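Chemist: If you scroll down you'll find the structure; I have some questions about it.
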Amino acid sequence: MSGRHASEVPADETPEMGRTGVPAEAVDAPLDHRPGTSGIATPGGGWRRAQGPSAQKREKRKRRRGGARDGDPTVGDAEFQSYYGRQIVKSAVWKTPDVPLYLFLGGAAGSSAVLGAGAEFTGRPALARAAHLIAGGGAIASVGFLIHDLGRPERFLHMLRVFKPTSPLSVGSYILSPFSTAAGGAAALSLLGQVPAVRRGRGWLPKLVRSTGLRRTASVGAAAFGGPMAAYTAVLLANTATPSWHEPGNQLPFVFTGSALAAGGGLCMVFTPVDQASPARKAAVVGAAVELAAMHKVEHDHGVVSEPFHIGRAGTLLRIAKACTSAGAVGATVLGGKRWGAVGSGVLLAVGSLLTRFGVFDAGMASSKDPKYVVIPQRARMAAREAAATTASGA
Amino acid sequence: MISSASPAFTGNDPENRLFGPLPDVTGEAGYEPDHPARVGFFTDTSVCIGCKACEVACKEWNTLPMDDADGTVDALGLSGMSYDNTGMLGANSWRHVAFVEQSRPVDLPLPSIGAPAAPGQGVGSGGGCGGSCGSGESPSHANADGVTIDQASVLNAQALSSFDPQTAQSGDREIRWLMSSDVCKHCTHAGCLDVCPTGALFRTEFGTVVVQDDICNGCGYCVPACPYGVIDQRKDDGKVFKCTMCYDRLTDGLQPACATACPTQSIQFGDLDELQARADARLATLTEQGVTTARLYGRDEDDGVGGAGAFFLLLDEPEVYGLPPDPVVTTRDLPSMWRHAAGAAAMLVGVALSGFLGRRR
């Protein structure tokens with residue numbers, strides 16, 4: 001008897017639900033307005049993780065205090081759920097300092113290579129030599145750091161098995177290989193040209209090493225790949241699921257090339273007499289300005305994903321980097337004509353660039369470790385999409 | 001070899017090579033039209049009992065090393081996360097059963113609304129929800145045993161309408177235990193596959209994504225590229241590992257080890273289109289029974305990864321299970337990033353060379 005009664009209840013009810021055509025997800029909504037049920041009228045039916053009676057309070061407290069796992073004080077109020085506060089995306093397995101150093105050296109080498117080629121053709125032998133050595137040294141060291149970072153270094157040549165535009169690391173391998181060959185060649189020719197036996201030698205080999213044409217060819221080759229070399233590393237970081245690298249993906253290339261100009265120009269200023277260093281100075285100052293401007297956008301345009309650039313170790317590094325870069329740029333403008341001023345401001349610019357790379361690297365790593373940087377932006381994206389769909393259907 | 005996605009970089013992507021629905025992902029990867037149908041997993045978490053048979057079968061079949069919840073090899077430790085000591089998917093855990101213990105308070109019905117159900121009166125009043133309950137499942141469920149009748153009678157309409165299979169009552173609280181066996185999603189647009197510079201990751205004839213460990217040089221790029229945090233590097237070995245959907249078993253006509261071991265058919269293996277139809281039917285059944293929080297995850301081919309080869313029926317928001325709510329393959333934004341990088345490179349060359357112009361100082 002009771003069974004039949006029970007079966008009548010849904011029989012009365014089902015057609016009504018069918019008529020209104022309310023999707024299953026929305027059935028909760030009208031119920032929420034009933035008296036006596038408002039206490040659990042939260043999304044998902046009010047379910048909360050149960051870890052003993054005080055778990056929720058504990059978690060809230062932790063979040064307010066800025067616990068390492070569940071959140072940080074600046075967005076402590078933002079609500080999000082997670083699986084025991086564990087990270088969702090994996091952090092990059094790239095080693096520190098290998099990869100940040102690679103980013104710095106690759107950038108400095110790339111911009112130096114362009115400066116070196118310019119100096120070759122405008123009669124600035126001292127600037128050309130310094131630029132070639134910085135570019136070549138940086139490029140060779142880059143290759144070393146990159147191979148050392150591989151899990152299987154003996155297989156580094158597998159990078160050249162295929163060419164994939166979808167993989168910035170594949171594209172980068174095809175930039176780094178010719179770049180380091182040409183830049184290393186130009187640097188070697190510059191160095192060997194100083195060796196007395198080569199300078200005075202009469203055979204074809206010393207003549208070849210001394211030949212301006214060969215050195216110019218190498219420097220032009222390096223310069224052709226210098227820009228891509230400095231820029232692709234930004235895409236390398238941005239083309240990941242790491243929130244604070246991916247979101248500013250269109251600005252990071254300008255941060256990295258600006259930073260590369262500041263570093264390359266700065267280092268060339270350090271090693272070049274001031275009467276030949278004017279192009280390096282200009283490049284460094286403009287680069288520093290671009291770096292600061294682009295970094296400002298990265299740090300402020302991306303909501304919660306910009307937060308890791310302000311807090312923790314990354315925040316500290318980036319604040320020092322900004323101070324160094326600004327001071328270096330001002331110093332290069334005002335005192336760049338004096339030898340000691342050029343050395344001081346050049347070092348400051350290079351240090352600023354180095355710390356920027358470390359800071360950006362650290363900020364991304366931090367963003368991957370906290371699930372809020374994954375959940376909150378994705379939830380916001382879904383809400384925006386839903387709102388757009390509602391507006392479209394309402395119109 | 002040049003990747004087949006190259007044309008997408010010319011600007012538009014009419015064939016959805018980087019993003020969007022892709023009906024024949026295997027064919028797009030270069031296989032002949034007579035390739036096998038795309039296979040996948042449908043993991044129905046509403047019938048998962050958390051036995052971890054899938055984890056064990058996977059470890060045994062693939063000879064994966066032991067590790068703790070943070071991926072430390074040969075370490076044994078309790079994570080403090082319910083029954084979950086696996087912690088996450090990683091190089092040594094290709095199946096991961098998540099355990100989420102949840103509770104919510106249950107309001108007693110107020111005397112002012114209609115005729116409230118007194119304790120013990122549950123059957124006669126249809127579980128205390130009168131004619132407005134909307135749940136076909138709860139009354140018959142209440143008939144199953146006397147204890148449940150008593151408990152159901154003090155529940156309000158909201159609680160009953162949200163009945164789901166993993167729920168029980170305890171005093172004034174309702175408790176439930178969500179269990180879900182997570183696995184590599186074998187995405188239509190797989191970030192790991194897109195970014196692999198060596199070609200170690202490849203699309204199989206079954207439409208799955210597999211690492212060739214004799215090619216992988218451990219660059220680690222796939223690790224941060226996965227929007228789900230699935231693939232990881234084995235520290236001692238240097239190479240990366242993830243679920244292969246038991247490629248070796250598939251080529252011999254067998255099911256993957258985890259699906260074979262699953263005692264409740266929570267993990268179902270088969271042709272993807274068939275699984276999708278089955279999942280849609282299952283969702284409809286649960287919805288009809290009043291499980292309003294049930295939803296499919298990874299089923300929609302319009303999502304950020306073009307639909308997943310391994311998809312799920314979940315009973316709560318994805319992030320509760322440790323899954324990203326709206327994952328997007330990182331390569332979707334890559335053409336824009338390349339364009340900006342080209343602009344930035346041109347800027348660098350322009351700035352550096354312009355310094356040489358003008359009068360010599």
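The values are calculated or read from the model by the stated rules, or taken from the named source; none is laboratory data. Small disclaimer: the values here were computed from a predicted structure and weren't measured. Note that each Cβ is placed from the backbone with ideal geometry, even for glycine, and that neighbours are counted across all protein chains shown.
Table: residues versus (1) part of a helix (DSSP H, G or I); (2) hydroxyl-bearing (Ser, Thr, Tyr); (3) facing chain B (nearest Cβ under 9 Å).
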| site | (1), (2), (3) |
| --- | --- |
| A:Phe254 | yes, no, yes |
| A:Ser259 | yes, yes, no |
| A:Asp275 | no, no, yes |
| A:Arg281 | yes, no, yes |
| A:Pro308 | yes, no, no |
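Chemist: List pairs: first in the stretch B:270-295 and within 13 Å of chain A (Cβ to nearest Cβ), second at pLDDT 95 or above and assigned to a helix (DSSP H, G or I), Cβ under 7 Å, 6+ apart or cross-chain?
Modeler: B:Ala294/B:Leu283
Chemist: When A:Ala321 is evaluated against the numbered criteria (1) touching a residue at least 40 places away in the same chain (Cβ under 8 Å); (2) in a helix (DSSP H, G or I); (3) small (Gly, Ala, Ser), which criterion, by number, is the only one it fails?
Modeler: (1)
Chemist: Next question, about the same structure. Going by the conditions given, is A:Thr217 within 11 Å of chain B (Cβ to nearest Cβ) and either out of contact with any helix residue (DSSP H, G or I) (no Cβ under 8 Å at 6 or more places or on another chain) or within 15 Å of B:Tyr221 (Cα to Cα) (or both)?
Modeler: Values: within 11 Å of chain B (Cβ to nearest Cβ): no; either out of contact with any helix residue (DSSP H, G or I) (no Cβ under 8 Å at 6 or more places or on another chain) or within 15 Å of B:Tyr221 (Cα to Cα) (or both): yes.
No, not satisfied.
Chemist: Residues to consider are A:Thr233, A:Thr181; find the one that is within 15 Å of the chain's Cα centre (by Cα), more than 8 Å from every other protein chain (Cβ to nearest Cβ) and within 18 Å of A:Ala141 (Cβ to Cβ).
Modeler: Only one candidate passes the filter, namely A:Thr233.
Chemist: How many residues are out of contact with any strand residue (DSSP E or B) (no Cβ under 8 Å at 6 or more places or on another chain) and hydroxyl-bearing (Ser, Thr, Tyr) if we restrict to the stretch B:32-62?
Modeler: 0
Chemist: Filtering the stretch A:236-252 down to residues that are within 7 Å of chain B (Cβ to nearest Cβ) and polar (S, T, N, Q), which residue is surrounded by the fewest Cβ atoms within 10 Å (Cβ to Cβ)? Walk me through it before giving the result.
Modeler: To start, the set of residues in the stretch A:236-252 that are within 7 Å of chain B (Cβ to nearest Cβ) comprises A:238-242, A:246, A:249-250.
Now restrict to residues that are polar (S, T, N, Q): A:239-240, A:242, A:250.
Values: A:Asn239: 28, A:Thr240: 27, A:Thr242: 29, A:Asn250: 22.
Looking at residues that are within 7 Å of chain B (Cβ to nearest Cβ) and polar (S, T, N, Q), I get A:Asn250.
Chemist: Sticking with this one: Looking at A:Ala188, A:Ala183, A:Ala197, which is the one that is surrounded by fewer than 23 Cβ atoms within 10 Å (Cβ to Cβ) and modelled with pLDDT of 95 or more? Break it down into steps so the answer makes sense when it comes.
Modeler: Working: A:Ala183 fails: surrounded by fewer than 23 Cβ atoms within 10 Å (Cβ to Cβ); A:Ala197 fails: modelled with pLDDT of 95 or more.
After applying the criteria, what remains is A:Ala188.
Chemist: Related question: Could you look through the stretch A:360-383, keep only residues that are small (Gly, Ala, Ser) and under 26 Å from the mean Cα position of the chain (by Cα), and pick out the one that is farthest from A:Thr242 (Cα to Cα)? So that I can check it myself, show each step before the final result.
Modeler: Looking only at the stretch A:360-383, we keep the residues that are small (Gly, Ala, Ser), and these are A:363-364, A:366-368, A:380, A:383.
From what is left, the residues that are under 26 Å from the mean Cα position of the chain (by Cα) are A:363-364, A:366-368, A:380.
Details: A:Ala363: 10, A:Gly364: 6, A:Ala366: 9, A:Ser367: 7, A:Ser368: 5, A:Ala380: 17 Å.
The residue in question is A:Ala380.
Chemist: Further question: Would you tally the residues in the stretch A:365-382 being at the interface with another protein chain (Cβ under 8 Å from one of its Cβ atoms) and in contact (Cβ under 8 Å) with a residue 12 or more places away in the chain? Working first, answer last.
Modeler: Here is the first cut: in the stretch A:365-382, the residues at the interface with another protein chain (Cβ under 8 Å from one of its Cβ atoms) are A:368, A:371, A:374-375, A:378-379, A:381-382.
If we keep only those that are in contact (Cβ under 8 Å) with a residue 12 or more places away in the chain as well, we get A:368, A:371, A:374-375, A:379.
Number satisfying all stated conditions: 5.
Chemist: Something else: Going by what's in this entry, would B:Ala352 be described as among the small types (Gly, Ala, Ser) and within 7 Å of chain A (Cβ to nearest Cβ)?
Modeler: Numbers: among the small types (Gly, Ala, Ser): yes; within 7 Å of chain A (Cβ to nearest Cβ): yes.
When the stated conditions are applied, B:Ala352 passes them.
Chemist: Could you tell me which of the residues A:Arg313, A:Arg339 is more than 27 Å from the chain's Cα centre (by Cα) and charged (D, E, K, R)?
Modeler: Details: A:Arg313 fails: more than 27 Å from the chain's Cα centre (by Cα).
Of A:Arg313, A:Arg339, the one residue that is more than 27 Å from the chain's Cα centre (by Cα) and charged (D, E, K, R) is A:Arg339.
Chemist: Spot the failing condition for B:Pro36; the list is (1) exposed (fewer than 14 other Cβ atoms within 10 Å of the Cβ); (2) more than 14 Å from chain A (Cβ to nearest Cβ); (3) modelled with pLDDT of 90 or more, and only one is missed.
Modeler: (1)
Chemist: Could I ask something else about it? Could you identify the single residue in A:Arg63, A:Arg124, A:Arg86 that is modelled with pLDDT of 95 or more and surrounded by 21 or more Cβ atoms within 10 Å (Cβ to Cβ)? Give the steps one after another, and end with the answer.
Modeler: Numbers: A:Arg63 fails: modelled with pLDDT of 95 or more; A:Arg86 fails: surrounded by 21 or more Cβ atoms within 10 Å (Cβ to Cβ).
None of the other options fit; the residue is A:Arg124.
Chemist: Still on this structure, please answer the following. Restricting to the stretch B:199-232, count the residues that are in contact (Cβ under 8 Å) with a residue 40 or more places away in the chain, under 15 Å from B:Cys184 (Cβ atoms) and either at the interface with chain A (Cβ under 7 Å from one of its Cβ atoms) or of a type in the set (D, E, K, R) (or both).
Modeler: Going through the stretch B:199-232 one residue at a time, the tally reaches 5.
Chemist: Take the residues in the stretch A:236-261 that are over 19 Å from A:Gly352 (Cα atoms) and of a type in the set (A, V, I, L, M); name whichever of them is farthest from the chain's Cα centre (by Cα).
Modeler: Residues of the stretch A:236-261 that are over 19 Å from A:Gly352 (Cα atoms), as a first pass: A:236-250.
Of the ones still in play, those that are also of a type in the set (A, V, I, L, M) are A:236-238, A:241.
Working: A:Leu236: 8, A:Leu237: 5, A:Ala238: 6, A:Ala241: 12 Å.
By that ranking, first place goes to A:Ala241.
Chemist: Keeping to the stretch B:322-356, report how many residues are in contact (Cβ under 8 Å) with a residue 12 or more places away in the chain and within 15 Å of A:Ala230 (Cβ to Cβ).
Modeler: Let us first name the residues in the stretch B:322-356 that are in contact (Cβ under 8 Å) with a residue 12 or more places away in the chain, namely B:322-324, B:326-332, B:334-335, B:338.
Pick out the ones that are also within 15 Å of A:Ala230 (Cβ to Cβ) and you get B:338.
Number of matching residues: 1.
Chemist: Go through B:Arg278, B:Arg249 for me and flag whichever is over 20 Å from the mean Cα position of the chain (by Cα) and surrounded by fewer than 24 Cβ atoms within 10 Å (Cβ to Cβ).
Modeler: Numbers: B:Arg278 fails: over 20 Å from the mean Cα position of the chain (by Cα).
Step by step, each of B:Arg278, B:Arg249 is checked, and only B:Arg249 is over 20 Å from the mean Cα position of the chain (by Cα) and surrounded by fewer than 24 Cβ atoms within 10 Å (Cβ to Cβ).
Chemist: In the list A:Thr217, A:Thr240, which residue meets the criterion of being over 30 Å from A:Leu348 (Cα atoms), in contact with a Ser or Thr (Cβ under 9 Å, 6 or more places away or on another chain) and modelled with pLDDT of 95 or more?
Modeler: Working: A:Thr217 fails: in contact with a Ser or Thr (Cβ under 9 Å, 6 or more places away or on another chain).
None of the others qualify; the one that does is A:Thr240.
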